[in-house]
Amino acid sequence: MDPRSRTFKIALIVTLVAAFAIFTYSAMHYTSRPSFCASCHEIAPAVESWEASAHGEADVDCLACHAKKGTLGYIETKIGGLREVYIHLTTDVDTIRMNLKSSVPNEVCMNCHEDVPQETETSGMNFSHEKHVTLLQNCTDCHDRVVHGEKQKEFLHFNSLGSTCATCHGEQQKNDCQSCHKEM
């Protein structure tokens, strides 16, 4: 094989690989912005509520909560996003909205909220985060509307959690929180 031809082929392959890597990196970066997420009409309401939340005001973007940690986690999340594109293109909007769910593991919350006290005074009540996290496993079991939802700014007020508490504690205890929580 002619040395110049071989050098040309190697240079061409390196150039193509580099161009592919740059394109992929740029596409991943571009599709990580909240404005890109909002371009899908199914996600737009979630982005709007995020913008109005404390997380949006602090520029905590979508991937801060919805991507796994590290480079491999980021890549895995972006590949998972391809599934979302497929669903977007092949499923009707109402079905998508009905099945739209995302989980945020406690570790993600604790990246920023490591100072959550074990015992918290909430509306004159003593509330144990440690006990609830141990039993429920996810911060979002109670705080599912912190970022996405109409009452995202009210999540710290105990009275607004009444129906959330009733999910586990039962409808009969919905208005009788003192049966579980002692007054301080």
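No value in this document is a laboratory result; all are computed from the given coordinates. All figures in this text were calculated on a predicted structure; none of them were measured in a lab. Quick reminder, even Gly has a Cβ in these numbers, built from the backbone with ideal geometry, and neighbours come from all protein chains shown.
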remark   = Cα-based Rg then Dmax for region 3-103, in Å, read 18.3, 62
query = Which loop-located GluC sites (Glu not before Pro) does region 10-71 contain, where loop means any DSSP state but H, G, I, E or B and the Cβ has at most 12 other Cβ atoms within 10 Å?
reply = none
query = Distance in nm between label sites at S39 and H129, each 7 Å beyond Cα in the beta-carbon direction?
reply = 3.7 nm
note = Whole-Hz Karplus couplings 3J(HN,Hα) for region 70-82, θ = phi - 60° and coefficients 6.51, -1.76, 1.60, Gly and Pro as x, run x, 5, 5, x, 4, 5, 4, 5, 5, 5, x, x, 5
